Amino acid sequence: MTLKIFITTIGFSIMQLSSSSIMAQSVDVIMKEQYRPQIHFSPKANWTNDPNGMVYNNGVYHLFFQYYPEGTTWGPMHWGHATSRDLIHWAEQPIALYPDSLGYIFSGSAVVDKTNTTGFGKERQVPLVAIFTHHNPIAQKEKRTDYENQSIAYSLDNGSTWKKYAQNPVLKNPGITDFRDPKLMWYEPQKKWVMTLATKDRVTFYSSPDLKNWKKESDFGNDAGAHGGVWECPDLFPLNDNGKNVWVLIVNINPGGPNKGSATQYFLGDFDGKKFTPNSKDVKWIDYGPDEYAGITWSNTGKRKIFLGWMSNWLYANKVPTIKWRNAMTLPRELKLMHVGNELLIASQPVTELSKIQSKPITAENISATNSLNIAEKTGKGQFPCRINIVMNKIKDFSLVLSNELGEVLVIGYEKNKNQYYIDRTKSGKTDFQKDFSNRHVAPRFTNNAKMNISLVIDISSVELFADDGLTTMTEIFFPNKPYNDIYIKSAGSFTIKKLEYISLKSIWP
Ligand code: FRU
């Protein structure tokens, strides 16, 4: 993002008043507006960007998020807060962290300090500790280079209330203008905390015994991966590959994504507690669509790695045509490693908890059609939100077209000669609020299997494509003038679908 300078004089009491009056409004009215996601988290009102501080504790998934409670465009950042017991149904909570004299509360992470390394735990209460970037807009305006520093806060009531540490910041800026978005991890072999921090054109690893005193270990990446923009929001964790750990380093980048603007790249390699050694410096993307950014994973979920991103793009996030609120999160996704030929890749799938809102699949098998197939005719349903699963044995070019009676269309397709997927939203409805929105986006297919499976999760204003067991993922938002109500599969001449499943999804809002 382009960092704008906002100096607010609005008192905290006014901020609290306006967010609590929003809380008091009927959820029924607020959460049913045009474009409001029905199966994705979005705050009831106002602006959000990155997911922050995602941590699981005592049966509760915490999702904090970059939040500006006074408006629908980016402003002085707070940490908003939502909780869930199943990763699907979310309850918005009071704001967790407010800006203070050290600055705005930029992105960061949270952990469960099980052995009370910080000493914040009292009477055997296990502290949750959050680390975030204090971004000082006054220092930035004065053109100082040290306006971003890392600070901590803790909670002794499983995330309901937070106290900032009195000796903040815990990691001071050495003179790097982009010095932010700390992600914490406990490194068991050396019994220490590791912080992965975005430092302009690379990530820097720090270690600490107590989350308060930090030592620089190494940096990585100024000569690896994509560099079309600044590196932001990193994450570091192991994933299992046939019984051995492969380390994943996620690095978000803005701009410089595969389809313009912001996107999430990753590296696979080894980490020894000090240094990350990549298997390859080539660029790989977790999601090729334009609308997944700042994606990172939950901490304290054991071997399971659950990833969630912001469902927008800095190119137009401030201009999307929603009224009371702006922007939402992607579905939570489980990450796994998959071997494809000689390559090792990350595959993403919606978390299995999505089944909580799935109706019984309506299935049709071995369907033959010529030129086009009306999904509603085959399955009896054509409403959103829904999930559509398609298996094909003989692949040729095809597309799945969502449309309305105004002739607005969103096209999700596959081109055989390029072996690539695409999503075309050029005629999807409202597209002229920013010039970069109206585009066709492409993503590689990583296999040449004759058999193809794709799964699409379609909400009121977004689609997430998981192709080939999640090897290719694309997230895309759209804004039709009237809701789409038709879904067709199109292909030139005769074609056969081995299996088609339509699953309706129930709104997560009460
Ligand atoms: C990424 C980002 C972070 C920063 C936050 C500010 O989208 O720019 O680097 O901490 O957003 O809101």
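The values are calculated or read from the model by the stated rules, or taken from the named source; none is laboratory data. Predicted, not measured: the structure shown is a model, and the values here were computed from it. Methodologically, a virtual Cβ is constructed for each residue, glycine included, from the backbone with ideal geometry; neighbour enumeration extends over all protein chains shown. For accessibility, only protein heavy atoms count, side chains too; no ligands or nucleic acids. Shrake-Rupley method; radii C 1.70, N 1.55, O 1.52, S 1.80 Å.
Could you tell me whether Pro51 is at pLDDT 90 or above, away from the ligand (no atom under 16 Å from the Cβ) and buried (at least 23 other Cβ atoms within 10 Å of the Cβ)? The answer is no for Pro51. Of the strands (runs of 3 or more DSSP E) lying entirely inside segment 223-328, those carrying at least 2 residues that are of a type in the set (A, V, I, L, M) and out of contact with any Pro (no Cβ under 9 Å at 6 or more places or on another chain) are 230-241. Scanning segment 40-58 for residues that are over 14 Å from the mean Cα position of the chain (by Cα) and either more than 10 Å from Trp325 (Cβ to Cβ) or of a type in the set (Lys, Arg) (or both) turns up Lys44, Val55, Tyr56, Asn57, Asn58. Of everything listed in (1) outside any loop (DSSP other than H, G, I, E, B); (2) open to solvent by 20 Å² or more (accessible area, probe 1.4 Å), the single unmet condition for Phe65 is (2).
Just to be sure before I move on: is Gln66 of a type outside the set (D, E, K, R) and more than 25 Å from Thr199 (Cα to Cα) in the structure I sent?
On the way: of a type outside the set (D, E, K, R): yes; more than 25 Å from Thr199 (Cα to Cα): no.
No.
Selection of segment 196-206 for residues being more than 20 Å from the chain's Cα centre (by Cα), on the phi < 0 side of the Ramachandran plot and within 16 Å of the ligand (Cβ to nearest atom) yields Thr199, Asp201, Arg202, Thr204.
Of the residues making up segment 161-180, those that are surrounded by 14 or more Cβ atoms within 10 Å (Cβ to Cβ) and either within 16 Å of the ligand (Cβ to nearest atom) or part of a loop (DSSP other than H, G, I, E, B) (or both) number 12. The strands (runs of 3 or more DSSP E) falling completely within segment 408-510 that include 2 or more residues that are open to solvent by 40 Å² or more (accessible area, probe 1.4 Å) and under 15 Å from Phe398 (Cβ atoms) map to 486-504. In segment 245-261, the residues that are more than 13 Å from the ligand (Cβ to nearest atom) form Cβ pairs under 6 Å with partners that are open to solvent by less than 10 Å² (accessible area, probe 1.4 Å) and part of a loop (DSSP other than H, G, I, E, B), at six or more places apart or across chains, as follows: Asn259/Pro290.
For the structure I just gave you, tell me whether Lys356 is under 29 Å from Ser507 (Cα atoms), assigned to a helix (DSSP H, G or I) and touching a residue at least 40 places away in the same chain (Cβ under 8 Å). Taking the combined requirement at face value, the residue satisfies it.
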